[in-house]
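The values are calculated or read from the model by the stated rules, or taken from the named source; none is laboratory data. Keep in mind that what you see is a predicted model, and the values were worked out from it rather than measured. Every residue, glycine among them, receives a Cβ derived from its backbone with ideal geometry; neighbour counts consider all protein chains shown.
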2 protein chains.
Amino acid sequence: MKRKVTLKQIAKELDVSISTVSKSLKDSPEISEDTRKKVRAFAKLYNYKPNLIALSLKNKKTKTIGVIIPEIIHHFFATVISGIEHIANEKGYNVIVCLSDESFDKEVINMEMLANGSIDGFIMSLSKETQQKKDFHHISEVINQGMPVVMFDRVANDILSDKVIIDDNLAAFEAVQFLIDKGFNKIALISTIDYISVGKLRTEGYLKALRSNNIPIDESLILKIEDMDNCSDEIELLLKNNTFDAIFAVNELFAVTAIKSANKLGLKIPEDISIIGFTDGMISKYSSPSITTVSQNEIKMGERAAIMLIERLESEEEDEEHYKTEVIGTHLVERESTL
Amino acid sequence: MKRKVTLKQIAKELDVSISTVSKSLKDSPEISEDTRKKVRAFAKLYNYKPNLIALSLKNKKTKTIGVIIPEIIHHFFATVISGIEHIANEKGYNVIVCLSDESFDKEVINMEMLANGSIDGFIMSLSKETQQKKDFHHISEVINQGMPVVMFDRVANDILSDKVIIDDNLAAFEAVQFLIDKGFNKIALISTIDYISVGKLRTEGYLKALRSNNIPIDESLILKIEDMDNCSDEIELLLKNNTFDAIFAVNELFAVTAIKSANKLGLKIPEDISIIGFTDGMISKYSSPSITTVSQNEIKMGERAAIMLIERLESEEEDEEHYKTEVIGTHLVERESTL
């Protein structure tokens, strides 16, 4: 039996990107006619079949859910999966997890692999690179072929599908308002660069809270970090070169790094600076002082995503496409890092 | 097309365990003849085919590795997966992860699902329940049908397969010897109950270090915890009711909980008590004081497991069964929790 050729192999053979192959096969005008011809000739020669999904779908239920997440060492995603597993087990579904490792190509390859008969539907959160590229054709393709997709946390607004999100903007607003209510008005922000949707939304919530309390925005107190692994130098500089009485950090790594940097500079938490983080993971819980943080109710997010997917899988009315976006509530967990 | 019946469905239908169904199908004398007959009649009626794996294997390569781990919120397993992913991507393989959630049944179900044509081979670490039951028939079945399995960390000595482990006994011995070399001779142990193989081996290493230094073993300084989620009360009691100058904890959760409990009781780390943990994860790194710990080189463990599996998958000589057990070296990461 001859092995089926994949998008990845075609891309490698022709030395073009996976995205180019996929777009060429759909005759997208974004790709030059030359390349389109070449790709389609090659695909025909090797008998590439992009539409296997729809064929297998109607006949065979795998009772398996495919989950694609950007990374696994992240407490947030690991906990969402616990929620998905909980509902899936209850309803008799298996769960398969694949990692995009924040890479667009890996996300596409994993989707292609899983969609090829292993699973009934997807629950996914976008890779950083996919968010940056804004190229979601692999997702719309799967949906067009009749396989349901539920997106969570890092979602694409352009894609028509069920979604489970938190209101990052509101959650950040509430966290900063909490600091303002404590009497602080010099509040620093440690965030990510803007193409990561959650970082952007949390930054907007911070700005909104300051504005609605008539606190002038001081750009020198806003730090946007690109390289997560080497954030400590930048955070130390922020602390050294500025004076402020509170920090809102958009994740727990930034929050704990701020605590460590403050200690190093002889500043006391919370006496000198109050700190609020985001995500209630191991770090926030076990850091000393433990960290006041925004809990995203990850378990519930996973549970809701699984319920939405399974409902769609088991619904009889396939034609009615009433996609829902469910917003999971957040709450502040008060610990030792705030006065 | 009629759906293939699974072990799980047969078990549910006949109200017996999955293990009973599997053993009955292999005519195991452990199961009563009555049950065996019932199961086999049912399986025949519904056309259950336990040997699909071997058939599909020879004809079709999926270029996909199946990984089964007990849990995902655990830094150790998440990091091993990073190592597996690294090699797999380099060699052109995809990775699918399934969680047993420490359950024997889920481990069996996941293996059955993945072995059914989705993957070429397994990398796995046993669930607690599987270790407790000592029932490894699902693994030997997969191996017998020609699908390679590499076990890591929590392995079954009875199963003939490639294995990647650390020398938990030696690593624990070295950690405790480090404390003894610092001049400590009242050293407490915080471990797990013995059926978890790594907990048992680390306990043995602790005992060996004391014995080889002629330090009498004080049973009241040995705490074995069953319920990880509620370990803090037991650890606090250990600290309250005994005096000692150092602690060796078999994981980082126990180590950080000991720090928190000591703080609560007014004891200073490391001035009053030195603490060494096991696993170099987020908690050890970001705790205050940061924790001296045994690094297991998880990335390397994952990489070696992937290399061993892929070598076996791509080797021409299928008959030669020279199984290897590779021992990954550990090292102590010195931080603030030890004098």
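Checking the structure you have, find out if any residue of region B:279-289 is among the aromatic types (Phe, Trp, Tyr) and modelled with pLDDT under 95. Yes, there is a match, as at least one residue in region B:279-289 is among the aromatic types (Phe, Trp, Tyr) and modelled with pLDDT under 95. Scanning region B:92-127 for residues that are surrounded by fewer than 21 Cβ atoms within 10 Å (Cβ to Cβ) and either within 23 Å of A:GLY83 (Cα to Cα) or more than 13 Å from every other protein chain (Cβ to nearest Cβ) (or both) yields B:GLU102, B:SER103, B:ASP105.
Does B:ILE275 satisfy being touching a Leu at 6+ places or on another chain (Cβ under 6 Å), away from chain A (no Cβ under 12 Å) and either within 27 Å of A:GLU252 (Cβ to Cβ) or without any contact (Cβ under 8 Å) to a residue 40 or more places away in the chain (or both)? Can you show your working first?
On the way: touching a Leu at 6+ places or on another chain (Cβ under 6 Å): no; away from chain A (no Cβ under 12 Å): yes; either within 27 Å of A:GLU252 (Cβ to Cβ) or without any contact (Cβ under 8 Å) to a residue 40 or more places away in the chain (or both): yes.
Judged against the criteria, B:ILE275 is not a match.
Exactly one residue out of B:ASP153, B:ASP158, B:ASP101, B:ASP135 is closer than 23 Å to A:LYS61 by Cβ and of a type outside the set (Val, Ile, Thr), and it is B:ASP101. Once region A:238-252 is narrowed to residues that are assigned to a helix (DSSP H, G or I) and more than 14 Å from chain B (Cβ to nearest Cβ), the residue that is nearest to the chain's Cα centre (by Cα) is A:LEU238.
Considering region B:230-252, the residues that are crowded, with 17+ Cβ neighbours inside 10 Å and out of contact with any helix residue (DSSP H, G or I) (no Cβ under 6 Å at 6 or more places or on another chain) include one that is farthest from B:LYS208 (Cα to Cα), namely B:GLU234.
Just so you know, in region B:278-319 the residues that are in contact (Cβ under 8 Å) with a residue 60 or more places away in the chain and basic (Lys, Arg) include one that is nearest to the other protein chains (Cβ to nearest Cβ), and it is B:LYS300. Please work out if B:ASP280 is surrounded by 18 or more Cβ atoms within 10 Å (Cβ to Cβ), within 24 Å of B:GLU334 (Cβ to Cβ) and among the charged types (D, E, K, R). Considered against the rule, which asks whether it is surrounded by 18 or more Cβ atoms within 10 Å (Cβ to Cβ), within 24 Å of B:GLU334 (Cβ to Cβ) and among the charged types (D, E, K, R), B:ASP280 comes out as yes. A:LEU313 fulfils the conditions (1) at pLDDT below 95; (2) assigned to a helix (DSSP H, G or I); (3) crowded, with 24+ Cβ neighbours inside 10 Å except for a single criterion, (3).
Within the bounds of region B:132-147, is there any residue that is out of contact with any His (no Cβ under 6 Å at 6 or more places or on another chain), within 24 Å of B:GLU311 (Cβ to Cβ), surrounded by fewer than 22 Cβ atoms within 10 Å (Cβ to Cβ) and free of Cβ contacts under 8 Å to residues at least 12 places away in the same chain? Yes, region B:132-147 contains at least one residue that is out of contact with any His (no Cβ under 6 Å at 6 or more places or on another chain), within 24 Å of B:GLU311 (Cβ to Cβ), surrounded by fewer than 22 Cβ atoms within 10 Å (Cβ to Cβ) and free of Cβ contacts under 8 Å to residues at least 12 places away in the same chain. Name every residue in region B:82-138 that is touching a helix residue (DSSP H, G or I) at 6+ places or on another chain (Cβ under 7 Å), under 17 Å from B:GLY302 (Cβ atoms) and part of a helix (DSSP H, G or I), in order of residue number. B:SER82, B:GLY83, B:ILE84, B:HIS86, B:ILE87, B:ALA88 - these are the residues of region B:82-138 that are touching a helix residue (DSSP H, G or I) at 6+ places or on another chain (Cβ under 7 Å), under 17 Å from B:GLY302 (Cβ atoms) and part of a helix (DSSP H, G or I). Inside region A:253-278, residues that are in a strand (DSSP E or B) and within 17 Å of A:PHE184 (Cα to Cα) make up a count of 4.
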